[in-house]
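Q: Handing you this structure, nothing more for now.
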(Lines give C-alpha, C1' and ligand atoms only; values in the text may rest on other atoms or scores of the structure.)
Protein backbone atom coordinates (compact mmCIF):
# COMPACT_ATOMS: atom_id res chain seq x y z
CA UNK A 1 0.00 0.00 0.00
CA UNK A 2 1.33 3.38 -0.97
CA UNK A 3 0.69 7.06 -0.45
CA UNK A 4 2.21 10.40 -1.38
CA UNK A 5 4.26 12.42 1.05
CA UNK A 6 4.16 16.19 1.07
CA UNK A 7 7.06 16.35 -1.41
CA UNK A 8 5.23 14.11 -3.87
CA UNK A 9 7.29 10.99 -3.21
CA UNK A 10 5.65 7.62 -2.80
CA UNK A 11 5.94 5.69 0.43
CA UNK A 12 4.20 2.71 1.99
CA UNK A 13 1.80 3.03 4.87
CA UNK A 14 -1.05 1.39 6.72
CA UNK A 15 -3.90 1.72 9.11
CA UNK A 16 -4.18 5.21 10.61
CA UNK A 17 -5.52 8.66 9.82
CA UNK A 18 -3.46 11.79 9.37
CA UNK A 19 -3.91 15.28 7.97
CA UNK A 20 -2.55 15.28 4.46
CA UNK A 21 -1.23 11.71 4.65
CA UNK A 22 -4.10 9.27 5.09
CA UNK A 23 -3.32 5.93 6.75
CA UNK A 24 -6.33 3.80 7.37
CA UNK A 25 -7.43 0.17 7.36
CA UNK A 26 -6.03 -1.84 4.51
CA UNK A 27 -6.67 0.95 2.02
CA UNK A 28 -4.99 4.30 1.38
CA UNK A 29 -7.64 7.07 1.68
CA UNK A 30 -5.60 9.13 -0.80
CA UNK A 31 -5.92 6.44 -3.48
CA UNK A 32 -9.00 5.50 -5.47
CA UNK A 33 -9.83 1.78 -5.35
CA UNK A 34 -8.58 -0.02 -8.42
CA UNK A 35 -10.88 -1.86 -10.82
CA UNK A 36 -10.76 -5.59 -10.31
CA UNK A 37 -9.59 -5.35 -6.71
CA UNK A 38 -11.31 -8.06 -4.61
CA UNK A 39 -14.64 -6.91 -3.20
CA UNK A 40 -14.36 -3.46 -4.77
CA UNK A 41 -17.00 -1.46 -6.58
CA UNK A 42 -16.38 2.14 -7.61
CA UNK A 43 -19.16 3.29 -9.93
CA UNK A 44 -20.70 5.54 -7.27
CA UNK A 45 -23.81 3.40 -6.75
CA UNK A 46 -25.12 2.15 -3.43
CA UNK A 47 -24.62 -1.42 -2.28
CA UNK A 48 -25.48 -3.44 0.79
CA UNK A 49 -22.51 -3.58 3.15
CA UNK A 50 -22.23 -7.23 4.12
CA UNK A 51 -20.80 -7.61 7.60
CA UNK A 52 -21.78 -4.10 8.69
CA UNK A 53 -22.48 -3.45 12.35
CA UNK A 54 -25.95 -2.09 11.61
CA UNK A 55 -28.06 -1.81 8.48
CA UNK A 56 -27.84 -0.24 5.06
CA UNK A 57 -29.54 3.17 5.30
CA UNK A 58 -32.96 3.50 3.66
CA UNK A 59 -31.79 6.80 2.21
CA UNK A 60 -28.44 8.30 1.45
CA UNK A 61 -27.48 10.81 4.21
CA UNK A 62 -26.62 14.33 3.11
CA UNK A 63 -22.83 14.39 3.40
CA UNK A 64 -22.30 18.13 3.03
CA UNK A 65 -21.96 21.07 5.37
CA UNK A 66 -22.61 24.08 3.14
CA UNK A 67 -19.01 24.64 2.03
CA UNK A 68 -17.81 21.11 1.26
CA UNK A 69 -19.22 17.65 0.62
CA UNK A 70 -18.13 14.02 0.38
CA UNK A 71 -18.46 12.35 -3.03
CA UNK A 72 -18.68 8.56 -3.02
CA UNK A 73 -16.01 7.03 -5.25
CA UNK A 74 -15.94 3.38 -4.19
CA UNK A 75 -17.09 0.68 -1.81
CA UNK A 76 -15.58 -2.54 -0.48
CA UNK A 77 -17.29 -5.66 0.81
CA UNK A 78 -16.16 -7.36 3.98
CA UNK A 79 -13.34 -9.88 3.63
CA UNK A 80 -12.90 -11.72 6.95
CA UNK A 81 -10.00 -13.76 5.60
CA UNK A 82 -8.01 -10.54 5.16
CA UNK A 83 -9.50 -8.90 8.28
CA UNK A 84 -11.10 -6.23 6.10
CA UNK A 85 -14.33 -4.52 7.10
CA UNK A 86 -16.86 -3.25 4.56
CA UNK A 87 -15.84 0.28 3.61
CA UNK A 88 -16.88 3.36 1.67
CA UNK A 89 -14.39 5.71 0.04
CA UNK A 90 -14.99 9.39 -0.66
CA UNK A 91 -13.38 12.42 -2.26
CA UNK A 92 -13.49 15.49 -0.03
CA UNK A 93 -14.80 18.23 -2.34
CA UNK A 94 -15.58 21.92 -2.12
CA UNK A 95 -19.00 22.95 -3.35
CA UNK A 96 -17.52 23.93 -6.73
CA UNK A 97 -16.28 20.36 -7.16
CA UNK A 98 -12.62 20.98 -6.30
CA UNK A 99 -11.11 17.88 -4.67
CA UNK A 100 -9.14 18.75 -1.54
CA UNK A 101 -8.56 15.26 -0.12
CA UNK A 102 -9.92 11.75 0.47
CA UNK A 103 -11.51 9.91 3.36
CA UNK A 104 -13.05 6.56 4.17
CA UNK A 105 -15.38 4.87 6.64
CA UNK A 106 -14.86 1.25 7.67
CA UNK A 107 -18.14 -0.13 8.97
CA UNK A 108 -18.25 -2.33 12.07
CA UNK A 109 -15.46 -3.75 14.21
CA UNK A 110 -12.91 -6.54 14.03
CA UNK A 111 -9.62 -7.46 15.66
CA UNK A 112 -7.80 -4.55 14.04
CA UNK A 113 -10.22 -1.74 14.81
CA UNK A 114 -8.66 -0.82 18.17
CA UNK A 115 -5.44 0.12 16.35
CA UNK A 116 -6.65 0.84 12.80
CA UNK A 117 -9.82 2.75 13.67
CA UNK A 118 -12.95 3.17 11.54
CA UNK A 119 -12.05 6.37 9.71
CA UNK A 120 -9.11 7.42 7.60
CA UNK A 121 -8.57 10.84 6.01
CA UNK A 122 -6.03 12.83 4.07
CA UNK A 123 -5.96 16.44 2.85
CA UNK A 124 -3.82 17.53 -0.09
CA UNK A 125 -0.99 19.94 0.86
CA UNK A 126 -2.41 23.10 -0.82
CA UNK A 127 -5.64 22.74 1.15
CA UNK A 128 -4.37 22.10 4.66
CA UNK A 129 -5.16 24.48 7.48
CA UNK A 130 -8.88 24.81 6.71
CA UNK A 131 -10.05 22.01 9.02
CA UNK A 132 -11.34 19.99 6.07
CA UNK A 133 -10.23 16.76 7.74
CA UNK A 134 -12.20 17.46 10.91
CA UNK A 135 -15.24 18.45 8.89
CA UNK A 136 -14.95 15.29 6.78
CA UNK A 137 -14.88 13.22 9.98
CA UNK A 138 -18.06 14.91 11.19
CA UNK A 139 -19.76 14.12 7.89
CA UNK A 140 -18.65 10.50 8.04
CA UNK A 141 -20.13 10.27 11.52
CA UNK A 142 -23.53 11.05 10.00
CA UNK A 143 -23.12 8.07 7.70
CA UNK A 144 -21.91 5.91 10.58
CA UNK A 145 -25.07 6.76 12.52
CA UNK A 146 -27.21 5.83 9.53
CA UNK A 147 -25.36 2.51 9.32
CA UNK A 148 -26.27 1.77 12.93
CA UNK A 149 -22.78 2.26 14.37
CA UNK A 150 -22.92 3.35 18.01
CA UNK A 151 -19.18 3.90 18.38
CA UNK A 152 -16.50 5.03 15.93
CA UNK A 153 -12.76 4.98 16.58
CA UNK A 154 -10.14 7.11 14.85
CA UNK A 155 -6.44 6.53 15.48
CA UNK A 156 -3.33 8.46 14.57
CA UNK A 157 0.41 8.44 15.10
CA UNK A 158 1.38 10.04 18.45
CA UNK A 159 3.74 12.37 16.60
CA UNK A 160 1.12 13.60 14.14
CA UNK A 161 -0.25 16.66 15.89
CA UNK A 162 -2.30 17.75 12.86
CA UNK A 163 -4.27 14.50 12.85
CA UNK A 164 -4.78 14.60 16.60
CA UNK A 165 -6.06 18.16 16.32
CA UNK A 166 -8.47 17.14 13.55
CA UNK A 167 -9.88 14.42 15.80
CA UNK A 168 -10.29 16.90 18.64
CA UNK A 169 -12.01 19.48 16.43
CA UNK A 170 -14.39 16.78 15.17
CA UNK A 171 -15.43 16.08 18.76
CA UNK A 172 -13.41 12.96 19.48
CA UNK A 173 -12.92 11.81 23.05
CA UNK A 174 -9.22 11.09 23.68
CA UNK A 175 -8.76 7.57 25.00
CA UNK A 176 -4.99 7.77 25.33
CA UNK A 177 -2.40 5.63 23.58
CA UNK A 178 -2.95 2.01 22.53
CA UNK A 179 -0.17 -0.50 22.17
CA UNK A 180 0.27 -1.98 18.70
CA UNK A 181 0.37 -5.79 18.87
CA UNK A 182 3.32 -7.59 17.25
CA UNK A 183 1.08 -9.20 14.61
CA UNK A 184 -0.16 -5.83 13.31
CA UNK A 185 1.46 -4.46 10.11
CA UNK A 186 2.29 -1.16 11.86
CA UNK A 187 4.43 -3.07 14.34
CA UNK A 188 6.47 -4.46 11.45
CA UNK A 189 7.20 -0.85 10.42
CA UNK A 190 8.65 -0.05 13.83
CA UNK A 191 5.62 1.70 15.31
CA UNK A 192 4.56 0.81 18.83
CA UNK A 193 1.63 3.06 19.76
CA UNK A 194 -1.30 4.95 18.31
CA UNK A 195 -3.47 7.64 19.84
CA UNK A 196 -7.14 6.63 19.99
CA UNK A 197 -10.18 8.93 19.77
CA UNK A 198 -13.72 7.72 20.38
CA UNK A 199 -16.86 9.14 18.79
CA UNK A 200 -20.52 8.38 19.41
CA UNK A 201 -22.42 9.08 16.16
CA UNK A 202 -25.90 10.55 16.44
CA UNK A 203 -28.63 10.37 13.84
CA UNK A 204 -30.02 13.73 12.61
CA UNK A 205 -33.25 13.27 14.58
CA UNK A 206 -31.23 12.70 17.75
CA UNK A 207 -29.28 15.92 17.19
CA UNK A 208 -32.53 17.80 16.58
CA UNK A 209 -34.08 16.39 19.77
CA UNK A 210 -31.01 17.39 21.77
CA UNK A 211 -31.19 20.89 20.34
CA UNK A 212 -34.89 21.28 21.15
CA UNK A 213 -34.31 20.42 24.80
CA UNK A 214 -31.21 22.59 25.23
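Q: Of 55, 71, 88, 47, which residue is within 25 Å of residue 116 (Cα to Cα), at pLDDT below 55 and either in contact with a strand residue (DSSP E or B) (Cβ under 7 Å, 6 or more places away or on another chain) or not in a loop (DSSP other than H, G, I, E, B) (or both)?
A: Numbers: 55 fails: either in contact with a strand residue (DSSP E or B) (Cβ under 7 Å, 6 or more places away or on another chain) or not in a loop (DSSP other than H, G, I, E, B) (or both); 71 fails: at pLDDT below 55; 88 fails: at pLDDT below 55.
Testing whether each residue is within 25 Å of residue 116 (Cα to Cα), at pLDDT below 55 and either in contact with a strand residue (DSSP E or B) (Cβ under 7 Å, 6 or more places away or on another chain) or not in a loop (DSSP other than H, G, I, E, B) (or both) leaves just 47.
Q: Is at least one residue of region 83-106 over 30 Å from residue 187 (Cβ atoms), crowded, with 20+ Cβ neighbours inside 10 Å and touching a helix residue (DSSP H, G or I) at 6+ places or on another chain (Cβ under 9 Å)?
A: Looking through region 83-106, none of the residues is over 30 Å from residue 187 (Cβ atoms), crowded, with 20+ Cβ neighbours inside 10 Å and touching a helix residue (DSSP H, G or I) at 6+ places or on another chain (Cβ under 9 Å).
Q: Same structure, new question: From 130, 184, which residue is over 13 Å from residue 103 (Cβ atoms) and at pLDDT 95 or above? Full working, then the answer.
A: On the way: 184 fails: at pLDDT 95 or above.
Every option except 130 fails the conditions.
Q: What tally of residues in region 100-116 results from selecting those that are touching a residue at least 60 places away in the same chain (Cβ under 8 Å) and farther than 20 Å from residue 73 by Cβ?
A: Taking region 100-116 as the starting set, the residues that turn out to be touching a residue at least 60 places away in the same chain (Cβ under 8 Å) are 101-104, 106, 112, 114-116.
If we keep only those that are farther than 20 Å from residue 73 by Cβ as well, we get 112, 114-116.
Result for region 100-116: 4.
Q: Related question: What tally of residues in region 107-117 results from selecting those that are crowded, with 22+ Cβ neighbours inside 10 Å and in a helix (DSSP H, G or I)?
A: Taking region 107-117 and keeping what is crowded, with 22+ Cβ neighbours inside 10 Å, we get 107, 115-117.
When the remaining residues are screened for being in a helix (DSSP H, G or I), the result is 115-116.
Residues flagged as crowded, with 22+ Cβ neighbours inside 10 Å and in a helix (DSSP H, G or I) within region 107-117 amount to 2.
Q: How do the strands (runs of 3 or more DSSP E) wholly within region 118-189 filter down when requiring 3 or more residues that are crowded, with 16+ Cβ neighbours inside 10 Å and touching a residue at least 24 places away in the same chain (Cβ under 8 Å): which remain? Walk me through it before giving the result.
A: Working: elements: 119-123, 152-156, 173-179.
It comes to 119-123, 152-156.
The values are calculated or read from the model by the stated rules, or taken from the named source; none is laboratory data. Small disclaimer: the values here were computed from a predicted structure and weren't measured. Neighbour counts run over all protein chains shown; Cβ positions are idealised from the backbone, glycine included.
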